[in-house]
Amino acid sequence: METVKVKADEQFQDREFYRESPFKTDKIAFSLYNFEPWQALPMQRNPGSDTILYFTDGEAFMLINDAVFGVSPGDAMYVPAGAAYGVLAGENDLNVVSIQGPKPVEARKETGLLFRCPECALEAPLTTGTDTGDFNMCPRCETMVKLTRQPSSFRAEKTTETPPPEPEQMTETGQAATGEGETEPEAKLEFGVIDFQPWQALSMHKNPGSDTLLYVAQGQGIMFVDDEHKSIDANEAIYVPAGATYGIMAADNQMTVMTVQGPVPVEVQDVGGLEYECPICNLETPVTTNTFDGCITVCPRCNVKLKLTKAEDMFKAEETTEKAPTEAEAQ
């Protein structure tokens, strides 16, 4: 089971943001970004891959095509393949989880879409609709500037002119707006959020053709992948390869898990029989794929020692004082 702590090894750099790609998969790309205050990811586009950005800490500005969004911790932004996007951190450190697919992920930088504030020297990205004569306000020092297009960037000059009123834009947070006459692009990643109440579980199942990345936004629980199980905590990410059997159980608190899967369509196959019901507290708990008849386990809620007997639809659990068999005996 591959897991990584998203915030455990934060690394910030003075001039450029830090990026790390801890998981290697042939279907989706997973990266962690650390930004110091006012650092930026320049405008770019991925022609053949969708992008989902999940903001774990800090506030920021997210630019998608000709729209700008304010984002906060817990916000997720979807960028369809081909759309131009960039990020500007706010006045605090910023941590971002990025998931892209399918691979390979080609990145094309959008040249010229930035300006340097004449007052505080902040370099800020600009939307794709920016042109000569446009007004902008520096996000950091709030100086009003007038922009002039140049080959490599826009020249920004401080101005006291009053910018003309902007037309209203009806865009939804988390999505790139499409222009008139355009159709919604076909999704390449499937994004979801699962809210667990204490001790609720996602039963064991598999996605035969799609990789899965899960990010624990809050709470704690237990992750089951094939023949392994592991405690998971907030700010931890878990990679599940296509075809692996997996399930999740929340601990004694609410848990929120973000899931991203690709490619789509995502086929879901239930794996029956991999659970038991505690005879003491009635908790239904998933078990790993290597669980066998006669296995000794402990209920995660009431800590009662149990012996499992394989049945058709689930394992039967009985309270026991027996010792767990050795590995040799289990085989």
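The values are calculated or read from the model by the stated rules, or taken from the named source; none is laboratory data. Note that the structure is predicted; figures quoted are calculated from it, not measured. Here Cβ is always computed from backbone atoms with ideal geometry, including for glycine, and neighbour counts include all displayed protein chains. What goes into the accessible areas is simple: the full protein's heavy atoms, side chains included, and nothing from ligands, DNA or RNA. Shrake-Rupley method; radii C 1.70, N 1.55, O 1.52, S 1.80 Å.
Counting only protein heavy atoms, what percent of the accessible surface of region 9-139 is carbon or sulfur at a 1.4 Å probe? Before the final figure, lay out each step's value.
Details: 2380 of 5580 Å².
C and S atoms contribute 43 percent here.
Placing +1 at every Lys and Arg Cβ and -1 at every Asp and Glu Cβ, with all other atoms neutral, what dipole size does the chain have around its Cα centre, in debye to the nearest 20? Please list the in-between numbers first.
Details: 25 positive and 53 negative charges, 143 e Å.
The dipole magnitude comes to about 680 debye.
According to a simple spin-label model (label point 7 Å from Cα along Cα-to-Cβ), what is the distance in nm between Asp293 and His205?
2.9 nm
Provide the gained length on full extension for the span Asp195 to Thr320, in nm with one decimal, where the gain is 0.36 nm per separating residue minus the Cα-Cα distance.
Working: separation 125, 0.36 × 125 = 45.00 nm, distance 3.34 nm.
Separation in residues times 0.36 nm, less the Cα-Cα distance, equals 41.7 nm.
Counting only the heavy atoms of the protein chains, how much of Ser21 is accessible to a 1.4 Å probe, in Å² to the nearest 10?
Estimated to the nearest 10 Å², Ser21 gives 60 Å².
Computed FRET efficiency, Cβ-Cβ of Thr160 and Asp131, R0 22 Å: what is it to the nearest 0.05? Mind showing how you got there, number by number?
Details: r = 21 Å, r/R0 = 0.95.
Efficiency at R0 = 22 Å is approximately 0.60.
[x] 1.09; [y] 1.01; [z] 1.12: which one is Rg/Rh (Cα atoms, Kirkwood Rh) as calculated from this entry?
[x]
So how exposed is Lys158, as accessible area in Å² (1.4 Å probe, rounded to 10)?
Lys158 exposes around 130 Å² with every protein chain in place.
Of Lys206/Lys307; Lys109/Lys188; Lys24/Lys188; Lys24/Lys206, which ones are farther than 23 Å apart at the Cα? It would help to have the intermediate numbers written out before the result.
Details: Lys206/Lys307 26 Å; Lys109/Lys188 21 Å; Lys24/Lys188 18 Å; Lys24/Lys206 19 Å.
From the list (Lys206/Lys307; Lys109/Lys188; Lys24/Lys188; Lys24/Lys206), the Cα-Cα distance tops 23 Å for Lys206/Lys307.
Using a 1.4 angstrom probe on the protein heavy atoms only, line up Ser231, Ser203, Ser153 by accessible area, largest first. Working shown, then result.
Details: Ser231 90, Ser203 60, Ser153 30 Å².
Accessible-area ranking of Ser231, Ser203, Ser153, largest first: Ser231, Ser203, Ser153.
Mind listing the long-range amide H neighbours of Leu283? Cut-off is under 5 Å, sequence gap 5 or more, other chains count too, H placed in the peptide plane at 1.01 Å from N.
HN-HN under 5 Å from Leu283: Cys278.
Got the relative contact order for region 1-145 handy, in percent, Cα pairs under 8 Å and 6 or more residues apart? Intermediate results must be reported in sequence, preceding the final value.
Details: 355 pairs, mean separation 37.9, N = 145.
For region 1-145, the relative contact order is 26 percent.
Keeping the other protein chains in place, figure out the carbon and sulfur percent of the accessible area of region 209-251, with a 1.4 Å probe. Provide the component values of the computation, followed by the final result.
Working: 500 of 1180 Å².
Result for region 209-251: 43 percent of the exposed heavy-atom area is carbon or sulfur.
Over the chain, give the accessible area per residue in Å² for a 1.4 Å probe, as an integer.
Values: 16880 Å² over 331 residues.
With the other protein chains kept in place, the chain gives 51 Å² per residue.
Any chance you could check the Cα centroid distance between region 253-331 and region 108-151 for me, in angstrom?
56 Å
Tally Lys/Arg at +1 and Asp/Glu at -1 over every other residue whose Cβ is under 14 Å from the Cβ of Glu106; what's the total? Each step should come with its number before you reach the end.
Values: positive: Arg45, Lys103, Arg108, Lys109, Lys188; negative: Asp50, Glu110.
Around Glu106, the surrounding residues sum to +3.
Local charge sum around Glu59 (other residues, Cβ-Cβ under 10 Å, Lys/Arg +1, Asp/Glu -1)?
Details: positive: none; negative: Asp57, Asp75, Glu91.
Net charge around Glu59: -3.
Excluding residues on the same chain fewer than 8 positions from Lys305, give the lysines whose Cα lies under 22 Å from its Cα.
Within reach: Lys230, Lys316, Lys323.
Based on the Cβ-Cβ distance from Val304 to Lys24, what FRET efficiency comes out when R0 is 35 Å, to the nearest 0.05?
The value I calculate is 0.30.
Relative contact order for the chain: what percent, with Cα pairs under 8 Å and sequence separation of 6 or more?
Details: 867 pairs, mean separation 47.2, N = 331.
14 percent.
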